[in-house]
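The values are calculated or read from the model by the stated rules, or taken from the named source; none is laboratory data. Remember, it's a predicted structure, so these values are computed and weren't measured experimentally. When we count neighbours, we look across all protein chains shown, and the Cβ atoms used for this are built from the backbone with ideal geometry, even at glycine. Accessible surface areas use protein heavy atoms only, side chains included; no ligands, DNA or RNA. Shrake-Rupley method; radii C 1.70, N 1.55, O 1.52, S 1.80 Å.
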Amino acid sequence: RPFLARLSLAQYSATLISVKEMSGFPTGDIEDLSFGIVTTDNTARIAFGARSAISTAIPFHVYFARVGIDNASVVRAPLLLSSGDNNTVTGNDGFRPIPGLKLDGLNRAHVAWVSNDNALGANPVYYGMVKETNGVDNLVIAATQVIGGGFRWGHPNLQVVNNSSILILASDESVPGVAGSVGLVNINPDADNQDGTPVQVATNTAFFLP
């Protein structure tokens, strides 16, 4: 289960304030948390992988949650970002999705993860965006493939250039222990209508930036 630790920092020393188990997460196995802090409401916006049990046969779903820093509790029910049947990799779940999250200047959450199997096949990278509207978090861009090709991508990372320019970087893990290719894409989430569906990348030519 995930825990939230709070520290105070002063020059070269750190003092422990509290350690609390986070509540409100799905039952089962929770791993690979990535987060950003929003000071206006004192919450952490978190992307994480979750599966019903620890098993090599069960992939992870990718979720987003808003967690209060003071009480370590999920503010509302976590949002499911990926899709699958919890038994095999269907849709865009992954056996090691390792989601990455970055917040932009509007506190919108940009999340990228890998839809990978437990073999050594090619794996695409997916992207989703969560936006707060009237105090409620909504998935406004559903899982959209942003990096494909014949590589086994892993460890996606994001960088916010500005609100309309998001860099997504992933490393090729086709050969274990050997440095491979690097995948890089620059996207404009504001080129999409943000209606809660995947971006129609075949026709929306403004989504991918040069």
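Summary of computed values
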| item | result |
| --- | --- |
| Å² of accessible area per residue within the range 104-210, as computed with a 1.4 Å probe and no ligands counted | 46 |
| Hull-based mean projected area of the range 99-210, where the convex hull spans the alpha carbons, in square nanometres | 7.3 |
| Largest-first ordering by accessible area, 1.4 Å probe, given options Asp117, Asp192, Asp85 | Asp85, Asp117, Asp192 |
| Amide H contacts under 5 Å for Phe151, placed H, 5+ residues apart | Asn123 |
| Highest average packing first - 33-40, 73-80, 200-207, Cβ atoms within 10 Å | 73-80, 33-40, 200-207 |
| Surface/4 of the Cα convex hull for the range 105-145, nm² | 3.6 |
| Under 5 Å, built H, 5+ apart or other chain: amide partners of Gly180 | Asp172 |
| Positive-end extreme of charge dipole, the chain - chosen from Ala14, Phe208, Gly148 (charges on Cβ) | Ala14 |
| Candidate values [x] 42; [y] 32; [z] 37, label of the one derived for percent of Cα pairs over 27 Å apart | [y] |
